[in-house]
Amino acid sequence: MTQLTLKVLFAVGRCRNSWHALTMIVREGGFRGLWKGWVPNVQRAALVNLGGVCSNILLSRNSVSITLIHYLSVDLWKSSK
């Protein structure tokens, strides 16, 4: 069962609580039914984390280079006086 199916079950009133939904999933789909749909979730999480890591690396590199350029330009400006 997917999350949408669970939302429908709770909305219709077929499930009383989370434990009841869990037992229904295991009864209808077996233990493997609990893991149905894990691949798209893992793929999405990997892409989101990859994007966060890449943007963090790019921002930290740019801030270091901007800071370095700032300090170099200040030193050059002071030495030219």
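Values in this text are rule-based calculations from the coordinates and carry no lab data. What you see is a predicted model; the values in this text were computed from it and never measured. Quick reminder, even Gly has a Cβ in these numbers, built from the backbone with ideal geometry, and neighbours come from all protein chains shown.
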Just to be sure I understand the model, the point goes 7 Å from the Cα along the line to the Cβ. What's the resulting residue 35 to residue 17 distance in nm?
2.8 nm
Please give me the summed charge of the neighbours of residue 28: other residues whose Cβ is under 13 Å from its Cβ, Lys and Arg +1, Asp and Glu -1.
+4
